[in-house]
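The values are calculated or read from the model by the stated rules, or taken from the named source; none is laboratory data. Here the structure is a predicted model, which means the values were calculated and not measured. Cβ placement follows ideal geometry from the backbone for every residue including glycine, while neighbour counts extend to all protein chains displayed.
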Amino acid sequence: MRQVAKRSGTSLATIYRRWPSREGLLLDAIERFAGEGAPMPDSGDLRADLLAVLGTMLHRRRAFTESLPRLIAEGAASPEFGNAVRTRLLGLAGRMLDSVLRQARANAQVSPAADLRLVADTALALFAYQPVVHGRPPTRAYATRIVDHALLPMLGLGLPGAPGIQPPPPTAAPSARHDRCVTPPG
């Protein structure tokens with residue numbers, strides 16, 4: 001907090017009046033960085049719009065994704081802070097995804113039966129997976145894979161460029177050899 005006061009050229013008391021805790025300051029700083037000037041895509045092409053949202057998340061949220069494991073740990077220790085992370089930070093990306101998906105539904109690009117909330121949650125979960133599990137922010141290629149291999153198929157749109165789905169070939173009845181449990185010699 002002292003460093004923030006020094007860099008901003010104000011007193012420590014002023015900083016504490018605005019942000020009673022460093023967690024509040026951190027959340028405001030990340031939220032501002034994450035959402036500042038982020039355009040809401042509406043090109044009419046669902047895939048392009050989803051890629052644009054994830055691209056914005058990549059560009060604007062590098063600091064957020066790099067700090068996500070720490071934010072999750074802090075959130076586990078403080079339920080109030082964890083709730084703030086979920087609603088203020090993850091909620092921002094979720095609202096962008098929701099808007100794109102609702103617009104696509106309004107334009108009849110996706111089925112009325114598609115679970116848009118689950119699609120948005122899946123995008124956020126897969127996006128957060130890289131920094132939480134692997135300790136690195138997701139790449140543009142990974143964001144493209146999220147859209148092409150998870151979100152579009154969940155919306156009933158299949159894989160881009162994939163041929164029509166073919167039924168599986170008929171299977172023969174299992175042989176007697178595979179129906180029995182074989183105990184290894186011992």
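Structure data summary
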read-out	value
Residue list for region 70-114, filter: within 18 Å of F127 (Cα to Cα), surrounded by 15 or more Cβ atoms within 10 Å (Cβ to Cβ) and of a type in the set (D, E, K, R)	R88, D98
Single match in L151, L157 (criterion: modelled with pLDDT of 85 or more, in a loop (DSSP other than H, G, I, E, B) and surrounded by 11 or more Cβ atoms within 10 Å (Cβ to Cβ))	L157
Search result, residues across region 102-123 that are within 14 Å of the chain's Cα centre (by Cα) and either assigned to a loop (DSSP other than H, G, I, E, B) or without any contact (Cβ under 8 Å) to a residue 60 or more places away in the chain (or both)	L116, R117, L118, V119, A120, D121, T122
Filtered residues of region 129-146 (kept if part of a helix (DSSP H, G or I) and hydroxyl-bearing (S, T, Y))	Y129, Y142, T144
Selected residue (only one of S111, S175 is among the polar types (S, T, N, Q), at pLDDT 80 or above and more than 23 Å from H59 (Cα to Cα))	S111
Any chance L126 is surrounded by 20 or more Cβ atoms within 10 Å (Cβ to Cβ) and either part of a helix (DSSP H, G or I) or modelled with pLDDT of 80 or more (or both)	no
Lone unmet requirement of (1) under 23 Å from P69 (Cα atoms); (2) in contact with a Gly (Cβ under 7 Å, 6 or more places away or on another chain) for A114	(1)
